[in-house]
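Contents: one structure, followed by commentary.
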Amino acid sequence: MEQLRESQFVEEKRIASNLRQEVDILSRSYTVFISGEYGTGKLNVASIVHRVSGTEGDLIIIDSSAYSDLSYESFNLPEPTLDANKDYTLLITEIERIPLFIQARIVEKLFPRVRVSSDSDTGIKKPRLYCTSQYSLDALYQDKKIHDCLYFLMRTNQLELPSLRECSVDCIFRLFYEYAEKFADNQGMQIPQLPATIREQLAAYHWPGNLWELRQVAEQFILYGEVPLTRDLKAAESDDVQGSLKTKLHRVEKAIILDSINKNQGKLNLVMEDLGLTQRTLYNRLKALNIRD
């Protein structure tokens, strides 16, 4: 099986270092469900799982946001452009937008091929089906946004991508710098002097756009220097109706604790020593800040 390797793409570096085991496991499955907030890199992860799987055919993407309710009446699955005898992957974004009867039609078209094939039938390859959503699979099932047959196909092969808010300060800064470095290299530009407070600024912001927004901020920093970065972050904070001083302090505190947990590999006794906290205080802060064990 092809192994993940260092790449010029920041998302692939992040996946290669943090999600290698999960991607390797998912690449062996013919159905995969990837969830995460907007901008967390679901499409990039699905693309990498497809490549690591060794699938010879196309990755065919259905963007569900491009379809209206009426257009689904005449909906047909796109066909792979390569040799029909090659396996391929169908990737459906925002699966909850697809009507249930269309979801059932997709499963019925794709997976009878698997059921009727045998070891001796080398002319038919198994297709793969990947789905993404901003919501968990169980939440979609409870809200009747995903068909039963699709739910049971997907439920053992899931990956939830973390939001940028859940990442350590070091991780956010490293991603910011790699985005900036890649953009500067592509534009033939130099990276400006980093502000002394860059880590505090990145940690204090709540990043509703996740990686997508972080990339935009990094690129603006390369183009305009320190001022646009500072202005964008401060403007975004001032527009945040929940951006009270108490909320901002909680975000910084959460970032510091998550950073220590990551640095100490989840060993809370070392986190207590690192932050100078008693066991009771640390557990109270973990609960108050909604930091899971």
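No value in this document is a laboratory result; all are computed from the given coordinates. These numbers come from a predicted model, not from an experiment. Glycine also receives a Cβ, built like all others from the backbone with ideal geometry; neighbour counts cover every protein chain displayed.
Under 5 Å between amide hydrogens, built in the peptide plane, is the criterion, and for ILE61 it picks out LEU91 among residues at least 5 positions away or on other chains. The residues MET154, MET189, when put in order of fewest to most other Cβ atoms within 10 Å, stand as MET189, MET154. On the basis of the beta-carbon distance and an R0 of 22 Å, ALA104 and ASP24 show a calculated FRET efficiency of 0.10. Annotation: the residues THR55, THR40, THR278, sorted from fewest to most other C-beta atoms within 10 Å of their own C-beta, follow the order THR278, THR55, THR40. Take the residue pairs LYS182/LYS267; LYS42/LYS267; LYS109/LYS182; LYS145/LYS267; LYS144/LYS254; LYS42/LYS126 and return only those whose Cα atoms are more than 31 Å apart. Pairs exceeding the cut-off: LYS182/LYS267; LYS109/LYS182; LYS145/LYS267; LYS144/LYS254.
Summarising the label geometry, the points placed 7 Å from Cα in the beta-carbon direction at TYR38 and ARG155 lie 3.0 nm from one another. Taking the number of Cβ atoms within 10 Å of each Cβ as an exposure proxy, the fewest-first ranking of CYS131, CYS171 is CYS171, CYS131.
Calculate, for LEU77 and ASP148, the FRET efficiency according to 1/(1 + (r/R0)^6) with r their C-beta to C-beta distance and R0 30 Å; round to the nearest 0.05. List each step's numbers first, then the result.
Working: r = 20 Å, r/R0 = 0.66.
For LEU77 and ASP148, the calculated efficiency is 0.90.
Phi angles across segment 161-166 convert, under the Karplus curve 6.51 cos²θ - 1.76 cosθ + 1.60 with θ = phi - 60°, into 3J(HN,Hα) values of 8, x, 6, 5, 4, 7 Hz, Gly and Pro given as x.
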